Amino acid sequence: DVGGGGGERQPGPGADPLEGVIRTEEAERVRIALGGMSAATRELLALRYGEGLRCREIAAMTELSEAAVKQRCSRAVRDLRERVAGRPERGGEVD
């Protein structure tokens, strides 16, 4: 951030301010939903989607089977979608 303005990006020309507000609110819902998940689940999601690792690579790092990593990531994403959408949880936390 060259101007030292606190790290927020300014919308470009023609940007819809409402879109920016909606994106900010969605990001906050995702952050809150992630905060309600277990550390192990957040770590799996961070490795898979944040770091871009493949399930096979995560399996080697975590000593889980590749199938277990795939299943846990799939369940975690489904749970995250439900939490962000405000739907009640079905089965509790995914580890």
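Every number in this text was worked out from the coordinates using simple rules, so none of it is lab data. Please read these numbers as outputs of a predicted model, since none were measured by experiment. Virtual Cβ from ideal backbone geometry, glycine too; neighbours counted across all protein chains shown.
Computed from backbone phi with θ = phi - 60° and the Karplus coefficients 6.51, -1.76 and 1.60, the 3J(HN,Hα) list for segment 54-68 is 7, 4, 4, 5, 5, 4, 5, 6, 9, 6, 9, 6, 4, 4, 5 Hz; x is used for glycine and proline. Could you tell me which of rounded, prolate or oblate describes segment 11-84, using a ≥ b ≥ c as the square roots of the eigenvalues of the alpha-carbon gyration tensor, with rounded for a/c under 1.5 and, failing that, prolate when a/b is larger than b/c and oblate otherwise? It is prolate, given that a/c is not under 1.5 and a/b is the larger ratio. Only Lys, Arg, Asp and Glu carry charge here, each on its Cβ (+1 for the first two, -1 for the last two); on that basis segment 10-70 has a dipole of about 180 debye about its Cα centre.
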